[in-house]
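This report refers to the structure that appears directly beneath it.
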Amino acid sequence: VLVSVEPPRAPMAVAVLLAAILALSPLPLSLASPSAAAAADRITRLPGQPPVNFSMYSGYVTVDAAAGRALFYWLVESAAAKPESAPLVLWLNGGPGCSSVGYGASEELGAFRINADGRTLSVNPYSWNKMANVLFLDAPAGVGYSYSNTSSDLLAPGDNKTAHDSYTFLVNWLERFPQYKYRDFYIAGESYGGHYVPQLSQLVYRNNKGVRKPILNFKGFMVGNAVIDDYHDFVGTFEYWWTHGLISDDTYQKLQLACEFDSSEHASEACNKIYDVAEAEEGLIDAYSIYTPTCKKTSLHRRRQIKGRRLFRLV
């Protein structure tokens, strides 16, 4: 999805939560047995967490020992009556560069919501773990808590490398959690996940080809607000605003005339100007859910007050 430039959405409370998850997570384990490694990754309790009937794990899985590259994950097991038969869903946020732990798990489909006091958590009634075991992955290395000891890894990760690292992560992670081998498996994501999710799905599909009983029992993928390419994303964004009555006919026509759809970079002054008009016509809405009431304390409200922002940013 294309939205206007905004500051990082994660508030201080989210940062504290993530720090707690990291503190409870061990460094990469290469010598321990799968059961011991999984037990070492167990999160017994997060600060301010209410009692729950599901288990959580987090930690690092090495994807390239020579480069010192490891990816960070947070597994939230299903709260369903029989979690051992619930599917496994891998969640990937977009960006590129957005943390699946910091965004998806902490602000969207994760098990908890941070309360107004900034110290306690409440159960998210819409959490995906009501139906599935959800695996949040920070990828590529350099995103969230995932890291590499080789600087060049951070300078040019690339979508292809991200897909292969994510695949290696899955294979190695399943050795730590063998109970998820052969389980129904889905890959899901949003925004730049429009690239990450299909590429990883294709890699899993190709590697499964000819295998009678693949350990990654791939069933399908899901992408919301997918980033496809600049042209179609621009056109789709403006069409969406107009067809949903968020902007006037006149503003819609001026956007089409003033803005180049082939690139999201270096928007013209005329395009930025009419975009400001469109944003003013929209009013204070949640760009991710236009029919949902907004919270004035969120960054959605703050971003309207920021001056000097440029036209679009992929998130």
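The values are calculated or read from the model by the stated rules, or taken from the named source; none is laboratory data. For clarity, every value in this text was computed on a predicted model and none was experimentally measured. All Cβ positions, even for glycine, are placed from backbone atoms using ideal geometry, and neighbour counts span all protein chains on display.
Could we say that ASN124 is buried (at least 16 other Cβ atoms within 10 Å of the Cβ), at pLDDT 95 or above and either touching a Ser or Thr at 6+ places or on another chain (Cβ under 9 Å) or of a type in the set (Lys, Arg) (or both) here? No. Please go through segment 132-142 and pick out each residue that is surrounded by 19 or more Cβ atoms within 10 Å (Cβ to Cβ) and in contact with a Pro (Cβ under 8 Å, 6 or more places away or on another chain). Matches in segment 132-142: ALA132, ASN133, PRO140, ALA141.
Exactly one residue among TYR205, TYR275 is surrounded by fewer than 18 Cβ atoms within 10 Å (Cβ to Cβ) and aromatic (Phe, Trp, Tyr), and that residue is TYR205.
Looking only at residues in segment 46-71 that are part of a strand (DSSP E or B) and β-branched (Val, Ile, Thr), the one that is surrounded by the fewest Cβ atoms within 10 Å (Cβ to Cβ) is THR62.
The residue pairs whose first member lies in segment 226-247 and is on the phi < 0 side of the Ramachandran plot and surrounded by 21 or more Cβ atoms within 10 Å (Cβ to Cβ), whose second member is at pLDDT below 95 and basic (Lys, Arg), and whose beta carbons are closer than 8 Å, counting only pairs six or more residues apart or on different chains, do not exist in this structure.
Only one residue in SER151, SER146, SER127 is more than 15 Å from the chain's Cα centre (by Cα) and assigned by the TED database to the domain that holds ALA70. Which one?
Details: SER146 fails: more than 15 Å from the chain's Cα centre (by Cα); SER127 fails: more than 15 Å from the chain's Cα centre (by Cα).
Criteria check complete, one pass: SER151.
None of ASN93, ASN129 is farther than 22 Å from ARG45 by Cα and touching a strand residue (DSSP E or B) at 6+ places or on another chain (Cβ under 8 Å) except ASN93.
What are the residues in segment 84-97 that are modelled with pLDDT under 95 and surrounded by 16 or more Cβ atoms within 10 Å (Cβ to Cβ), if any?
Taking segment 84-97 as the starting set, the residues that turn out to be modelled with pLDDT under 95 are 84-85, 94-97.
Within segment 84-97, GLY94, GLY95, PRO96 qualify.
Counting only helices (runs of 4 or more DSSP H) that fall entirely inside segment 169-266 and contain at least 2 residues that are modelled with pLDDT under 95 and hydroxyl-bearing (Ser, Thr, Tyr), the qualifying elements are 230-243.
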